[in-house]
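Asks: This is the structure I want to talk about, given as structure tokens.
Derivation of every value follows stated rules applied to the coordinates shown; laboratory data play no part. Given the structure is predicted, the values throughout are model-derived calculations rather than measurements. In this analysis, Cβ positions are derived from the backbone assuming ideal geometry, glycine residues included, and neighbour counts consider all displayed protein chains.
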Ligand code: ADP
């Protein structure tokens, strides 16, 4: 058991499974891959071994069981089969941990039942996560399976940040409160930012801007999350690829009563046909910036709306924290879109926030500072690594660290 230093990280979505096999001795990726379109006629498995060429399999994967078995075969072909004694644990990303799961948790039948009980608050995510755990358990029943929750890092939010100002009895009855998501990323990035500053996480206040297809901001004081932009579901907060982020709840009543849309249609509208996509027909920031540069008014409006919302959270979290040591941009847009970073921080010199155009334009996969020397607040690009964080947390739990 002491020789077992590898962790398989599984991130099971409704029609996909992402995986990475990581050696905890040095954090090396031994293999990584993705199964897409599970349950559809054109399934695809893309497997990238550490050495050698990537492999692609196109076939039907009827369900998550078939997908995970195919993953196991790919790993076995590299001599990294699931039966390996070197495998210490399987770490699972679980989106919603409710109020109970505030730390990585060893999966038992009782834990699975509890994750199942949270399906009403995470109907799109938790069912797939549960299936991933069940299939992995059936493949290696003897191996520790660890659930790492997206909500966990936000469990430290003070009650006044976690509450919606609605009837307390109704809220408690239906578990309506702000849970927050992307927690594994916010945790990893806030720590990595402290490292970049050469400080202990307990010493620094950081605003983390996780800007991917989904997006969220968090205020982290001394390593502890004190507020985040997502709420009961991942719909609240920033303008995202296809999600609206904040809207007046009255919009829902209006669309239902006056617009004649059903609740399901409004749900679909706000989650899948809003955000950047709703504003301009594209949800990829690269394409939006290209169109906006070419004078496309819809793309320009989408970009400006995205930035305006981002700045409202930046300013809001500045006030929440009182003192800000660093702002960290991460995920697909945050790590790659220099114009987004520049626009988010423009004109904030009075707050000690500035971005150096030259440093901002550097392309690199490394964590890096993009603010000028004189800036009181360090602005940084800090690549996220949710899989490594899940692997580390799973390994630490199994080894009692
Ligand atoms: P997810 O939330 O799906 O994990 P990612 O963090 O991978 O998403 O971010 C995906 C998004 O990142 C894409 O939709 C795209 O808008 C954006 N993106 C990726 N590369 C670039 C780039 N070079 N410039 C601007 N945006 C980019």
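Asks: Helix 183-196 against the longest principal axis of the chain: what's the angle in degrees, Cα atoms only, rounded to the nearest 10?
Replies: The angle comes out near 70 degrees.
Asks: Another question about this same structure. Calculated from DSSP H runs of 4 or more alone, at -39500 (n - 2.57) each and per residue, what is the 222 nm mean residue ellipticity of the chain, nearest 500?
Replies: My calculation for the chain gives -11000 deg cm²/dmol from helical runs alone.
Asks: Once Rh for the stretch 49-124 is found with the Kirkwood sum over Cα pairs, what is the Stokes-Einstein diffusion coefficient at 25 °C and 0.890 mPa s, in µm²/s?
Replies: Once the numbers are plugged in, D ends up at 159 µm²/s.
Asks: What shape does the stretch 253-342 take by its C-alpha gyration tensor, where a ≥ b ≥ c are the square roots of the eigenvalues and a/c under 1.5 counts as rounded, a/b above b/c as prolate, and the rest as oblate?
Replies: Oblate.
Asks: Additional query: Contact order normalised by length for the stretch 272-401, with contacts defined as Cα pairs under 8 Å and 6 or more residues apart; what percent is it?
Replies: Here the relative contact order equals 19 percent.
Asks: Something else: What is the helix-to-structure angle for 126-139, meaning the angle in degrees between its Cα long axis and the longest Cα principal axis of the chain, kept from 0 to 90 and rounded to the nearest 10?
Replies: 20 degrees
Asks: Take the alpha carbon atoms of the stretch 90-154, find their center, do the same for the stretch 283-298, and report the distance between the two centers in whole angstrom.
Replies: Between the Cα centre of the stretch 90-154 and that of the stretch 283-298, the gap is 39 Å.
Asks: Let me ask something additional. Can you grab the distance from the C-alpha centre of the stretch 49-71 to the C-alpha centre of the stretch 368-396, Å, no decimals?
Replies: 31 Å
Asks: Which three lengths, in whole Å and largest first, does the stretch 197-312 cover when its Cα atoms are put on their principal axes?
Replies: Sorted largest first, the three principal extents are 53, 37, 18 Å.
Asks: Please compute the modelled spin-label separation between residue 110 and residue 164, points set 7 Å along Cα→Cβ, answer in nm with one decimal.
Replies: 3.1 nm
Asks: Additional query: As an exercise, take the mean of 1/r over every pair of distinct alpha carbons in the chain, invert it, and state the Kirkwood radius in angstroms.
Replies: 22.2 Å
Asks: Roughly how tilted is helix 297-321, in degrees to the nearest 10 and between 0 and 90, from the longest Cα axis of the chain?
Replies: 90 degrees
Asks: Applying a 10 Å radius around every beta-carbon, put 86-98, 344-356 in order of their mean neighbour count, most first.
Replies: Going by the mean number of other Cβ atoms within 10 Å, highest first, we get 86-98, 344-356.
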